[in-house]
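The values are calculated or read from the model by the stated rules, or taken from the named source; none is laboratory data. Just so we're clear, the structure is a prediction, and the values are computed from it rather than from any experiment. Counting neighbours? That spans all protein chains shown, and the Cβs are built from the backbone with ideal geometry, glycine included. The area values use the complete protein model at the heavy-atom level, side chains included, leaving out ligands, DNA and RNA. Shrake-Rupley method; radii C 1.70, N 1.55, O 1.52, S 1.80 Å.
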Amino acid sequence: MAAPESLSDRPCIVLSSHLGDAALSCGYLMSQLSASTPVTVMTVFTHSQGNPTRTARAYLEKRNARKAPALYNQRRTEDLIALRSIGVTGVHFGFADALFRRRPDNRLPKIANDLVPELSVIYPTYRWHIAQGKVSPLDEKLLSDLEQRLLFTTGEDDVILAPIGLSNHVDRVLVHELGLRMAKHRTVGFYAEQPDAQKLEGDVPAPKGTELVKFDVDLHAKAQLLERFTTHTRAILGRRVPALDEYVFMPTAG
């Protein structure tokens, strides 16, 4: 597949909420673009933080991990190696995943935080907080700081791809909102998050003012890429990587 003309002649910045998210959603497109233009994946939430909550411990157990720092270190290493294999640069912003993100206004004594970690985090549970699709006001400063960071580190010639907003996971909602904010300053397109797009009954809805960029995906080549994300994709997709198509929307001309 030749890279789409609308993307192949300008540097491309892909915003990824978590390690591996961008590869799941548009990994094959990135592999084709990197042959003709610089491609950088900027991953926002790449670390753990503090004593894990019950929800965070369940996440670690599902991945057969004893300690969060070791798991995230492995995931960061896998991410850089996998992206490098397709000629893409990986950048890790270093912020804590919603499972671990601490309240900036926490003033409880350490013993209380250690005994009941849920008291010190912004999103204490997955079902009632992380998966509700609502960004906490406590994350507003983080969102503003991310916008300023991107304005400083990107140029007017860059094309930014952000998540389209299919997922209710609060981290993905936040990065989708970041993409909307950046659209006021840069050329911003959107990619459909996988495997969320695969679960839709109908077509992926196009964001207002955008159109679908058509290209073919070599699903075998994409599966080979995703297999490099051992600790991430297997936990989400299982041992056998399914066929995950890619849907990218760019602003319409004029």
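Below, the figures for the structure above:
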| read-out | value |
| --- | --- |
| Förster radius 45 Å - calculated FRET efficiency between LYS67 and SER6, Cβ distance, rounded to 0.05 | 0.55 |
| Counted charge near ILE164, where neighbours are those whose Cβ lies closer than 11 Å (Asp, Glu -1; Lys, Arg +1) | -1 |
| Rg in Å to one decimal, and Dmax rounded to a whole Å, for region 1-160 via C-alpha atoms | 17.8, 58 |
| Cut-off under 5 Å, modelled amide H: who pairs with GLY189 long-range | ILE160, LEU161, ALA162 |
| Whole-Hz couplings from phi, Karplus 6.51/-1.76/1.60, listed for region 18-35; x for Gly and Pro | 10, 4, x, 4, 5, 5, 4, 8, 8, x, 6, 4, 4, 5, 7, 5, 5, 6 |
| Sulfur and carbon atoms: percent of accessible area, the chain [1.4 Å] | 50 percent |
| Mean separation of Cα contacts under 8 Å (6+ apart) over length of the chain, as relative contact order % | 25 percent |
| Sparse-neighbour loop sites [GluC sites (Glu not before Pro); region 151-199; at most 11 other C-beta within 10 Å; DSSP] | GLU156 |
| Environment charge at LEU212 (Cβ cut-off 11 Å; Lys +1, Arg +1, Asp -1, Glu -1) | -2 |
| Label-point separation in nm, GLU211 to LYS184, each point 7 Å along Cα→Cβ | 2.8 nm |
| Residue-normalised accessible area of region 77-143, expressed per residue, 1.4 Å probe, Å² | 56 Å² |
| Per-residue HN-Hα couplings for region 208-221 [Karplus 6.51, -1.76, 1.60; θ = phi - 60°; Hz; x = Gly/Pro] | 4, x, 10, 9, 5, 8, 8, 7, 8, 10, 7, 5, 5, 5 |
| Karplus-derived 3J(HN,Hα), 6.51/-1.76/1.60, for each residue of region 179-190, Hz, glycine and proline x | x, 4, 5, 5, 5, 6, 10, 9, 6, 10, x, 9 |
